[in-house]
Amino acid sequence: MQLKRIAICVALAFAPGAFAAETSLPEVVVTAPAMEQPLLVTTDPRKPRQPIPAHDGAEYLKTIPGFSVIRKGGSDGDPVFRGMAGSRLNILLDGEQILGGCGGRMDPPTAYVFPSSYDKITLLKGPQTVLHGPGNSAGTVLFERNLARRSDKGAGFDASATLGSFGRADVMGDVHGGSPDWYARGIYTDSHAGDYSDGNGISVHSAYSRWSANAAIGLTPNDGTRVELSMAKSDGHAAYADRSVDGSKFARDNVGLKADWQNSNHGLLGKVEAQLFRNYIDHVMDSYSLRAGNPAGMMAAMNPDRTTTGGRVVGTLNFSDATQLKLGLDTQSNIHTGRSGAAPGYMGDYTLLARVEDANFQNHGLFGEVTHHYTEAARVIGGLRTDWWKAQDKRATVDMMAMIANPTQNQSRRDTLTSSFIRYEKDVSGNTGTFYAGLGHTERFPDYWELVNKETATTRSSFNTRPEKTTQLDVGVTYKQGEISGSVSGFYSKISDFILVEQGCKNMMGVLTGLSNNCGGMIPTPTSMTRNISATTWGGEASAAWQFAPQWKLDGSLAYVRGSNDTDGTALAQIAPLEGRIGAAYDNGVWNVGGLLRMVAAQDRFVANQGNIAGQDIGRSNGFNVLSLNAAWRASKGVLLSAGVDNLTNQTYAEHLSKGGMAVSGFTQTTRVNEMGRNLWLKANLKID
């Protein structure tokens, strides 16, 4: 069935005379999307790109300078920006918060993102906005869908199909239509792949299969009004090379309601935006569905779920042509439950057990962000946000096997946290670029994985871990004149009460052992724990492009971060090494041919077993260079065929930010989860408006 869908899409792409010729070819995203505005990177996930078009959100974000992905298998890696992961990176899907259920981070928010089903991806660097929820110490990522009001009745269709090595096959279909008064849209995606092999031909336990379906219907009675009801469902399974279990279920159910109104009379109240949503995640991990040598009757399954509900309302006030204020409030609550037992059909079948709540969280935020243009070329942007948090620990025990009583059972905690920023922007003479400097402060409430899923040096519960406080300076400049464009962005960050996660620690149960790797604890009981430290990070990103001939372009990017654990006087763990990219492309309007050289340095700064909720340092990592080539052909209007070969030299390598390889029956265990070897891919795009 899958191959049939792909064959249909490819056949449509080459249907003779289907469309008129077109003289422009969309730019193939080679090195990275460029930062064209201060602290803002936007990209179209449907454009051709290298490496192979991404099947989940983390893989796509990896193409943006400053991003890395913690490798676990073929799917569902954790995104890391400037050394920060988890809830330090705020990720929203059409304005909605989505939180995974897995205690081991099998399903970060980006695991439920199918990039080609979105129209735009936006990165807002650093704590330089208060509009999109709390805790964005590293940045905010927005996955967005846009649909302009139609001027007449009509319909459109956008589809793509991808084939690649190791059994990779994707399809995406987007059907939309309506009239000036209403619209409807449906999007379907399906992606799967087999186990891939590294450059040495060693197979990695990494197969996955995912699908998603999205539908929306809206009313647009005039140019300034929209009301939309949307729904989404998705599911899949994925194999993991870094652990003893795989993900056999990733079900998501969503419903959302939006209403936007814009004042056509240009009065004080310029715009009102309102939104409500509910996301339900039902996740299953087990050790028998996707791997050999584990009889189902002997193995357990774990079935966490999470329900997240929320909403927001924002009003835009135009005090003058020079001053605009966005004022709003948002709210979110989520409940996490779980159950575990034997496989279905065996004694202790987990599907017959009741779900037990272990924690719940509530947040209410009030925020305002103002932009004031005091000259045509200069402006100041500032914001202030207050968040009221409440969390409840519902666990009766903290150890699944020993059933140890939870010392913080039924405890509640409340925190009032504030965030703020101010930024100055000045356009360069002749509108060739913009200089900016901003100072931001954000206070982040500990997330589920830090509060409920860990311990401390003195207690079996980390529920009272202190909130994290980040103060960061962001500076940079964008430039574009003639054939040359580029940007430089830098940051310096001081973090108090940084929440450090350590594995392999020894907790305190009343006996002094004198072990060296006790992480502050006093008993040889391996555990995973959190503690608050002081930390410093600094670094930045740079990119440049040169159109040195009408049909030729060179571009490149560079990203570097350095972090220190000021409390212990060591490096800060989980920091990616220096990375550079150089790309070259030829584009004559119909044909595009390009190449990408990705260069990653060795990382000598590490602290074994320390990191964050997404991963911990393993040890030193080697540098590597990866060469990839791509080509694209505009067959006719609305029809594009692109192809590429990634890792042309079949390099064997692993990213510094990778989970450790696990012994999986039938597979060779490696120190880290190695990356994919040589990979050939072909993609066809079809668009009808």
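Across the options V130, T189, T670, the greatest Cα extent toward the positive end of the charge dipole of the chain (unit charges at beta carbon of Lys, Arg, Asp, Glu) belongs to T670.
Basic side chains Lys and Arg get +1 at the Cβ, acidic Asp and Glu get -1 at the Cβ, and with that the dipole of the chain about its Cα centre reaches some 320 debye. The charge dipole of the stretch 196-346, taken about its Cα centre with unit charges on the Cβ of Lys, Arg, Asp and Glu (plus for the first two, minus for the last two), comes to roughly 220 debye. A Förster radius of 56 Å, combined with the Cβ-Cβ distance separating T671 from S320, puts the computed FRET efficiency at roughly 0.40.
Modelled spin-label separation between L269 and A148, with each label point placed 7 Å from Cα along the Cα-to-Cβ direction: 2.9 nm. Looking at the stretch 641-689, none of the chymotrypsin sites (Phe, Trp or Tyr not before Pro) sits in a DSSP loop with at most 15 other Cβ atoms within 10 Å of its own Cβ. Rounded is the label for the chain, because the ratio a/c of its alpha-carbon gyration tensor axes (a ≥ b ≥ c) stays below 1.5. Taken about its Cα centre, the stretch 288-420 carries a charge dipole of about 180 debye when Lys and Arg each add +1 at the Cβ and Asp and Glu each add -1 at the Cβ. Label-to-label distance for K426 and T42 is 2.6 nm, based on points extended 7 Å past Cα in the beta-carbon direction. Contact order for the chain, expressed relative to its length and based on alpha carbon pairs under 8 Å spaced 6+ residues apart, stands at 14 percent. Helical runs assigned H by DSSP (4 residues or longer) give the chain a calculated mean residue ellipticity at 222 nm of -1000 deg cm²/dmol, each run adding -39500 (n - 2.57) before division by the residue total. What does the charge add up to near H205, with Lys and Arg as +1, Asp and Glu as -1, over the other residues with Cβ less than 15 Å from its Cβ? That works out to -1.
FRET efficiency for the E357 to L627 pair, using the beta carbon distance and R₀ = 51 Å, is estimated at 0.50.
Quick note: the coordinates plus some simple rules give every number you see, no bench work behind them. Since the structure is predicted, the reported quantities are computational estimates derived from the model, not experimental observations. Because the Cβ atoms are built from the backbone with ideal geometry, glycine has one as well, and the counts that use them run over all protein chains shown.
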